[in-house]
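The values are calculated or read from the model by the stated rules, or taken from the named source; none is laboratory data. Owing to the predicted nature of the structure, the values given are computational and were not obtained by experimental measurement. Counting neighbours? That spans all protein chains shown, and the Cβs are built from the backbone with ideal geometry, glycine included. Areas reflect the complete protein model, heavy atoms only, side chains present, ligands, DNA and RNA absent. Shrake-Rupley method; radii C 1.70, N 1.55, O 1.52, S 1.80 Å.
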Amino acid sequence: MAVAFWILAVVSVAAGIAVFVVDSMARATFALLASLLAVGLAFLLIDLEYLGVLIILMMVMEMLIMAVFMIMYMMNPAGLMPMKMVHNNRGALIISAAVFVLLVAGIFLTSWPQRGGEPPADPTRQLGLAIMGPKMLVMMVIGVAILATMISTVVLATHRGRYDRYGDDQRRRRPLDPGPGSGTPVPAAPEHHGGHASAGPGEETR
């Protein structure tokens, strides 16, 4: 277990460094994902199952959503083209090195307390009570509300997208409203492009 922990620690640090070394947003995203996955697995090794699984699930979903948005919206295709990822290199290097030294010094110089008594029978429950305390019910309700908001947002955003309104190549001059994704029949809308025949609702103009 100790060997696996140190391997995961090295992977986490190396992947964290790679975030600032690679030359594209997509590569930096997946390097950060690898670093945080190693951290989550390290938590599992030290019997913090709840935090480990939470880190893994949150970071996987967060990084994948970030990658999807980069593919959709970045002018740099999918964030894969080389780009400068770090600004003010010297200042950033000095600050990051100083913070790292302080954190490492804190680890070795802090007088860590000794465990008192036996570990609880259900560490997950004790951890939840320690973090949330009497606000647990409120946080559970808020979590469900946030989930419902996310699902509603996705449903409202995808029933009529730009591709089914303007065509796969985005060359249709007038959008088809409502789009085919809404489930409503789309009437034929004649479109004239320099003497060419009109395009039907499911056709693309050239």
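Assorted remarks:
- The set of residues from the range 14-56 being open to solvent by 60 Å² or more (accessible area, probe 1.4 Å) and either closer than 26 Å to Leu93 by Cβ or among the charged types (D, E, K, R) (or both) comprises Ile17, Phe20, Val21, Asp23, Met25, Arg27, Phe30, Leu32, Asp47, Glu49.
- Odd one out for Met61 among (1) out of contact with any Leu (no Cβ under 6 Å at 6 or more places or on another chain); (2) under 17 Å from Lys84 (Cα atoms): (2)
- Number of the condition not met by Ala67 [criteria: (1) assigned to a loop (DSSP other than H, G, I, E, B); (2) at pLDDT 75 or above; (3) surrounded by 11 or more Cβ atoms within 10 Å (Cβ to Cβ)]: (1)
- Residue within the range 49-71 that is farther than 24 Å from Gln126 by Cα and of a type in the set (Gly, Ala, Ser) present: yes
- Listing of helices (runs of 4 or more DSSP H) fully contained in the range 75-185 that carry 2 or more residues being at pLDDT 75 or above, within 20 Å of Leu51 (Cβ to Cβ) and within 26 Å of the chain's Cα centre (by Cα): 123-132, 136-158
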